[in-house]
Ligand SMILES: O=C(CO)COP(=O)(O)O
């Protein structure tokens, strides 16, 4: 059975007081409501240790938004897989489109990061997805195939089963424009078939593939009901308990 997940990517939002408040609200929500999925958050790195303190029984998975491709050393501003392991973080997002767009991250960087994360027992949430131009040019299947192969196909079958993939079409991120459930399902099935072609269907069936891009309380249920969509990576709607909890409940 592959895992079902609702993950919130907080991006660069909230000061420490607001971050703490939302974490405490989330904990109380989680303790008082049965969820049919795992709940994860990726707050800014500065708040990861606070998150680990608040979710001391691992009620909610705690993820970095990025981690270094290097093990340690003179890389100012970066955080390493080792550091994440040392605070018992659950994992890290890797290759988010905003990292690609603003920080020049490529799939070969992602490949190194995914491997490092796995070596440290962290869950990599590998993000991919096409731009608007690529979709308009009909290249989306090819782009996502290439991204997936470059970033993940040096992994063993045992390793790839531990990776969570988040398909996030760039044109749907923060735009209010969502892929239709059918458009998302089509790419999710495509990603699974690419994995199946290399690793076999059994392995492919174990890989959780999340959808991200303007998931909101009013569209989550339909998106999550697609057979190859195992949950969501939520941006804007993860910043308020009211919205995020409704998205979690879309699994019920
Ligand atoms: O980038 C995203 C999650 O990583 C999606 O962001 P939005 O939900 O704000 O579109």
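The values are calculated or read from the model by the stated rules, or taken from the named source; none is laboratory data. It should be emphasised that the depicted structure is a prediction, and the values quoted were computed from it without experimental measurement. Cβ: placed from backbone, ideal geometry, glycine included. Neighbour counts: every protein chain shown.
Here are a few things to note about the model shown:
- If you check 238, 196, 220 for being in contact with a helix residue (DSSP H, G or I) (Cβ under 7 Å, 6 or more places away or on another chain), away from the ligand (no atom under 11 Å from the Cβ) and modelled with pLDDT of 95 or more, only one passes: 196.
- Restricting region 109-137 to residues that are over 16 Å from residue 164 (Cα atoms) and assigned to a helix (DSSP H, G or I), the residue that is nearest to the chain's Cα centre (by Cα) is 109.
- Test: residue in region 143-166 that is part of a strand (DSSP E or B) and in contact with a helix residue (DSSP H, G or I) (Cβ under 9 Å, 6 or more places away or on another chain): yes
- From the options 121, 129, residue that is more than 13 Å from residue 66 (Cα to Cα), at pLDDT 95 or above and in contact with a strand residue (DSSP E or B) (Cβ under 8 Å, 6 or more places away or on another chain): 129
- Residue count for region 125-142, restricted to those that are without any contact (Cβ under 8 Å) to a residue 24 or more places away in the chain and touching a helix residue (DSSP H, G or I) at 6+ places or on another chain (Cβ under 8 Å): 1
- Lone unmet requirement of (1) surrounded by 15 or more Cβ atoms within 10 Å (Cβ to Cβ); (2) within 28 Å of residue 81 (Cα to Cα); (3) more than 16 Å from the ligand (Cβ to nearest atom) for residue 165: (3)
- All positions within region 70-92 that are surrounded by 20 or more Cβ atoms within 10 Å (Cβ to Cβ) and either touching a helix residue (DSSP H, G or I) at 6+ places or on another chain (Cβ under 8 Å) or more than 26 Å from residue 4 (Cβ to Cβ) (or both): 81, 84, 89, 91, 92
- Test: residue in region 68-83 that is in a helix (DSSP H, G or I) and in contact (Cβ under 8 Å) with a residue 24 or more places away in the chain: yes
- Some residue of region 91-104 being more than 18 Å from residue 234 (Cα to Cα), in contact with a strand residue (DSSP E or B) (Cβ under 9 Å, 6 or more places away or on another chain) and outside any helix (DSSP H, G or I): no
- The residue list 226, 185 contains one member that is within 18 Å of the chain's Cα centre (by Cα), surrounded by fewer than 22 Cβ atoms within 10 Å (Cβ to Cβ), more than 15 Å from the ligand (Cβ to nearest atom) and under 30 Å from residue 25 (Cβ atoms), which is 226.
- Residue match in region 8-15 (condition: away from the ligand (no atom under 15 Å from the Cβ), under 24 Å from residue 225 (Cβ atoms) and assigned to a loop (DSSP other than H, G, I, E, B)): no
- Cβ pairs under 8 Å, 6+ apart, first in region 230-244 and assigned to a helix (DSSP H, G or I), second more than 12 Å from the ligand (Cβ to nearest atom): 241/22; 241/25; 241/26; 241/29; 244/26
- All positions within region 168-182 that are assigned to a helix (DSSP H, G or I) and within 13 Å of the ligand (Cβ to nearest atom): 170, 171, 172
- Applying the set (1) more than 16 Å from the chain's Cα centre (by Cα); (2) in contact (Cβ under 8 Å) with a residue 40 or more places away in the chain to residue 193 leaves exactly one unmet item: (2).
- Residue check for residue 204: away from the ligand (no atom under 14 Å from the Cβ), closer than 20 Å to residue 146 by Cβ and surrounded by fewer than 19 Cβ atoms within 10 Å (Cβ to Cβ): no
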